[in-house]
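Visitor: Once you've had a glance at the structure underneath, I'll fire off some questions.
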Amino acid sequence: MAHVPGVRRPSLALVLHAHLPWVRHPEHERFLEESWFFEAVAESYLPLLRVLGGWARDHLPARITVSISPTLGAMLEDPLLRERFGRWLEARVDLAEQETFRTRWLGPVNEVANFYQERFQWMAAFWDEIGGEVLKAFRALSEAGVVEMIACAGTHGLLPFLADQPGSLRAQTKLAQAEFRRWFGQPSQGLWLPECSYSREVERPVREAGFRWCVLETHGLHHADPLPPALHLAPAITPEGLAVVARDPESARQVWSRETGYPGDVVYRDFYHDIGFELDADYVEACLPAPGIRGFTGFKYSRITGPTDAKEPYDRAVALERVRVHAEHFVEGRLAQCAEAAGRLDIPLLVTAPYDAELFGHWWFEGPEFLDAVGRIAAERGLDLATPTDFLAAHPEQALTHPAASSWGEHGYWRLWLNEGNAWVQGHLRPADRRMTEMASGTMETDAARWTLLKFAGRELLLAQASDWPFILRTGTSPDYARQRIVHHLETFWKLETLWREGRPDEAASLVTDAALFPSLDPAWWRMR
C-alpha cells in the first residue's frame, strides 16, 4: 500500500516496557533470581539493540519507544551484575561448543546447536563491543533517532495505591525523572505507569515531575468521561494537561493471547524444553541458575509442535519465514483498523501497541525478528512507526476527557496486587510512609548524617513498594522470595528509623548493602507541603 500524497497516513506506536525488580545478592556466587536479569539481557535487550542498530544503519523511517525502570537501569549499570553477566555468557559460549560436538550425529538438532554457537559468540562479541554498557547503547540509538527512551515510575510501585501518600507518590515520579536525566542527559517526555495503572490522583504529580504523556489500559479511555470520539485510536488530554494513549486490544490480542497470539505458532521455539532440565546435571552445571538447582540454560532444541509431549526439532529458517508472515498480518491489520476508523473519524489516528519488552526474545524467542520485520514492512506499506511524543508534536490538539481508573491487571483493575493473599503488604507500607514523611519534614539538608540516613530509608521504602512482590505473591511463582524481600526492606527501614529517633545516624551505613543505589534520590520529596 503506497502512500498517496495528500492522504493522511495512519500511525503506530510500539511501546516496549523494560523492567525488572532490584535483585542483587553479592553474598552468593550464583543466585537463582539474578538469572531473571541475565536472561532478559541476553534474550531481549541485546537482540533489541541489534534490531534497532540495523534500523539506524539502514536509515529506516521508523521509531519505537522503550521505557527503562530505575530498578532495571540500576542493575544494568551495576559493576557486579555486569561482571556476573559476562561470566554467565562465557559459560554458554563454552557449553555451545560442547553441544555442537555432543549433537554431531543428530542432524536437525545439530543445526540448532550450531545456531546457538553462532548466537552466543555474537552476543559475547557485542557485549565486549559496547563494553557492557547497555544504557549507553540505548542512548546512542536514541541520539540516532530510531528509539525514544522514556522513564518508568521509581521502583514500579502501583501509583493509585499511593494516592493518599503524597510523599511516596512524588518520590516514585521524581525518582523516575531524576534517574532518567542521569542516564540520558535530558528529561523524559513520557512516563510508563507501572502495570498501566491509573487513577486521577496520579495526574498532578506526574505532570509536576515533567512528564507530558503516559500509557493507559484500553478501558481507561473506553470508560472515560466524556468518551473521546476515537476511543483508543487517538490520544486524549486530561484536565491536568497530561496526554494519555491507550492500548489497542486487537494488536494486544495478536501478540499476547495464549490461544490465538503469534507466539503460540507451532513452528516457533518451545520455551519450556531446555537441556537444563533434560541432561545430566554435572554436564550443564556451569549454566544452571544456582548450584544444585535445575533451570533454564538457553539451549532449547524443540519447536512448540502442538499439544503433545512428542516435540519436533526447532527449524530456525522455517521460524523466520513465519515471522515474516505474522509481521505482514500485523501491519495489514493496523492499516485495516485505521482505514475503517478513517471512514467515520476525520482526525489523525494513532494505534498504540504497548508490550513488556521481555516478551520479545525471552518469552517469544523470535520476537525481536518480528519487531524488525514490522518496522521494515510498515515502512513499505505506508504505516508510520512513530512515538507518542512525535504524534503529539504533530497533532497537539486532542479531545479533553477524564480517563477511568484502570490497569492491565486481573479484571482490568488492581485485584492482582490487592487481594486476600497480599493485602497484608499495604498494612505495613502505609505506616512506613507516614513515618518517612515525619522524618523528612523534621530534618534539614545541612544535617548531613541524618540526611544520608533518610536517603537510605527512602530507598528501602520505595523498594518495598515495588508491584513485583505482591504480583509474585498472587501468582505463586516465587512467593517465599517475594515475602522475604518485602520483609527485608521494611525491617531495614524501621531499623533506620530507630537510629534516626535515637540520634545515631552515623550507624546507618552498617545496615545497608546497596549504598550506591538511586544516587539522585532526594528525601525532600517526602516533606509535607
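Visitor: Taking Ala404 as the residue in question, decide whether it is within 21 Å of Val15 (Cβ to Cβ) and touching a residue at least 24 places away in the same chain (Cβ under 8 Å). Steps first, please.
Guide: Numbers: within 21 Å of Val15 (Cβ to Cβ): yes; touching a residue at least 24 places away in the same chain (Cβ under 8 Å): yes.
Yes, satisfied.
Visitor: May I pose another question? Residues to consider are Leu392, Leu400; find the one that is within 30 Å of Leu242 (Cβ to Cβ), at pLDDT 95 or above and open to solvent by 20 Å² or more (accessible area, probe 1.4 Å). Quick ask: steps written out before the conclusion?
Guide: Details: Leu392 fails: open to solvent by 20 Å² or more (accessible area, probe 1.4 Å).
Answer to the selection: Leu400.
Visitor: How many of the residues in region 159-198 are among the aromatic types (Phe, Trp, Tyr) and more than 15 Å from Val244 (Cβ to Cβ)?
Guide: 4
Visitor: Suppose the filter is within 30 Å of Tyr301 (Cβ to Cβ) and in contact with a Ser or Thr (Cβ under 6 Å, 6 or more places away or on another chain); does Gln117 pass it? Don't jump to the end; show me each part of the working.
Guide: Values: within 30 Å of Tyr301 (Cβ to Cβ): yes; in contact with a Ser or Thr (Cβ under 6 Å, 6 or more places away or on another chain): yes.
Considered against the rule, which asks whether it is within 30 Å of Tyr301 (Cβ to Cβ) and in contact with a Ser or Thr (Cβ under 6 Å, 6 or more places away or on another chain), Gln117 comes out as yes.
Visitor: So which residues in region 96-115 are part of a helix (DSSP H, G or I) and farther than 17 Å from Leu279 by Cα?
Guide: Those that are part of a helix (DSSP H, G or I) and farther than 17 Å from Leu279 by Cα: Pro108, Glu111, Asn114, Phe115.
Visitor: If we scan region 16-25, do we find a residue that is open to solvent by 50 Å² or more (accessible area, probe 1.4 Å) and either without any contact (Cβ under 8 Å) to a residue 12 or more places away in the chain or on the phi > 0 side of the Ramachandran plot (or both)?
Guide: no
Visitor: When you go through Arg376, Arg435, Arg450, Arg430 one by one, which is the residue that is open to solvent by 10 Å² or more (accessible area, probe 1.4 Å), assigned to a helix (DSSP H, G or I), closer than 30 Å to Arg269 by Cβ and not acidic (Asp, Glu)? Walk me through it before giving the result.
Guide: Details: Arg435 fails: closer than 30 Å to Arg269 by Cβ; Arg450 fails: closer than 30 Å to Arg269 by Cβ; Arg430 fails: closer than 30 Å to Arg269 by Cβ.
On inspection, the qualifying residue turns out to be Arg376.
Visitor: Here is a further query. For region 146-243, which helices (runs of 4 or more DSSP H) that fit wholly inside it have 2 or more residues that are in contact with an Asp or Glu (Cβ under 6 Å, 6 or more places away or on another chain) and surrounded by fewer than 24 Cβ atoms within 10 Å (Cβ to Cβ)?
Guide: 203-208
Visitor: Find all pairs meeting these conditions: Cβ atoms under 7 angstrom apart; at least six residues apart or on different chains; first residue within region 508-529 and under 23 Å from Glu77 (Cα atoms) and assigned to a loop (DSSP other than H, G, I, E, B); second residue open to solvent by 60 Å² or more (accessible area, probe 1.4 Å) and modelled with pLDDT under 90.
Guide: Final answer for the pair search is none.
Visitor: Given the conditions (1) open to solvent by 10 Å² or more (accessible area, probe 1.4 Å); (2) farther than 25 Å from His156 by Cβ, which single one is not true for Trp55?
Guide: Condition not satisfied by Trp55: (1).
Residue-wise test of (1) under 24 Å from the mean Cα position of the chain (by Cα); (2) farther than 29 Å from Ala319 by Cα; (3) at pLDDT 95 or above.
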residue: Met1; (1), (2), (3): no, no, no
residue: Leu16; (1), (2), (3): yes, no, yes
residue: Glu29; (1), (2), (3): no, yes, no
residue: Thr71; (1), (2), (3): yes, yes, yes
residue: Asp78; (1), (2), (3): yes, yes, yes
residue: Trp88; (1), (2), (3): yes, no, yes
residue: Glu97; (1), (2), (3): no, no, yes
residue: Ala113; (1), (2), (3): no, no, yes
residue: Tyr116; (1), (2), (3): no, no, yes
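Visitor: Let me ask another. What are the residues in region 261-296 that are open to solvent by 80 Å² or more (accessible area, probe 1.4 Å) and under 24 Å from the mean Cα position of the chain (by Cα), if any?
Guide: If the condition is that a residue be open to solvent by 80 Å² or more (accessible area, probe 1.4 Å) and under 24 Å from the mean Cα position of the chain (by Cα), then Tyr272 is the only one that fits.
Visitor: Output yes when any residue across region 456-467 is farther than 30 Å from Gly409 by Cα, small (Gly, Ala, Ser) and in contact with a Phe, Trp or Tyr (Cβ under 9 Å, 6 or more places away or on another chain), and no when none is.
Guide: Taking region 456-467 and keeping what is farther than 30 Å from Gly409 by Cα, we get 456.
Keeping just the survivors that are small (Gly, Ala, Ser) gives none.
No, that holds for no residue.
Visitor: So, Trp469, is that one in contact with a Lys or Arg (Cβ under 7 Å, 6 or more places away or on another chain), on the phi < 0 side of the Ramachandran plot, open to solvent by less than 10 Å² (accessible area, probe 1.4 Å) and part of a helix (DSSP H, G or I) or not? Lay out the reasoning, then the answer.
Guide: Details: in contact with a Lys or Arg (Cβ under 7 Å, 6 or more places away or on another chain): yes; on the phi < 0 side of the Ramachandran plot: yes; open to solvent by less than 10 Å² (accessible area, probe 1.4 Å): yes; part of a helix (DSSP H, G or I): yes.
Judged against the criteria, Trp469 is a match.
Residues are listed down the side, and each one gets a yes or a no for (1) farther than 18 Å from Ser467 by Cα; (2) among the aromatic types (Phe, Trp, Tyr):
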| residue | (1), (2) |
| --- | --- |
| Phe138 | yes, yes |
| Ser142 | yes, no |
| Cys152 | no, no |
| Gly157 | no, no |
| Glu179 | yes, no |
| Leu191 | no, no |
| Glu203 | yes, no |
| Ala209 | yes, no |
| Gly220 | yes, no |
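Visitor: Filter region 297-330 down to the residues that are in a loop (DSSP other than H, G, I, E, B) and without any contact (Cβ under 8 Å) to a residue 24 or more places away in the chain, then identify the one that is surrounded by the most Cβ atoms within 10 Å (Cβ to Cβ). Please lay out each step first, then the result.
Guide: Within region 297-330, the subset in a loop (DSSP other than H, G, I, E, B) is 297-301, 304-312, 314-315.
The next check asks that each one be without any contact (Cβ under 8 Å) to a residue 24 or more places away in the chain; those that pass are 307-310, 312.
Numbers: Pro307: 6, Thr308: 9, Asp309: 6, Ala310: 7, Glu312: 16.
If we take residues in region 297-330 being in a loop (DSSP other than H, G, I, E, B) and without any contact (Cβ under 8 Å) to a residue 24 or more places away in the chain, then Glu312 is surrounded by the most Cβ atoms within 10 Å (Cβ to Cβ).
Visitor: Taking the condition of being of a type in the set (S, T, N, Q) and touching a helix residue (DSSP H, G or I) at 6+ places or on another chain (Cβ under 7 Å), how many residues in region 427-449 meet it?
Guide: Start the filter on region 427-449 by keeping residues that are of a type in the set (S, T, N, Q), which leaves 437, 441, 443, 446.
This time we only want the ones that are touching a helix residue (DSSP H, G or I) at 6+ places or on another chain (Cβ under 7 Å), so: 437, 443.
Of the residues in that region, 2 qualify.
The values are calculated or read from the model by the stated rules, or taken from the named source; none is laboratory data. Remember, it's a predicted structure, so these values are computed and weren't measured experimentally. Note: ideal-geometry Cβ built from the backbone for every residue, glycine included; neighbour counts use all protein chains shown. The protein model used for the area step is the full one, side chains on, heavy atoms only, and it has no ligands, DNA or RNA in it. Shrake-Rupley method; radii C 1.70, N 1.55, O 1.52, S 1.80 Å.
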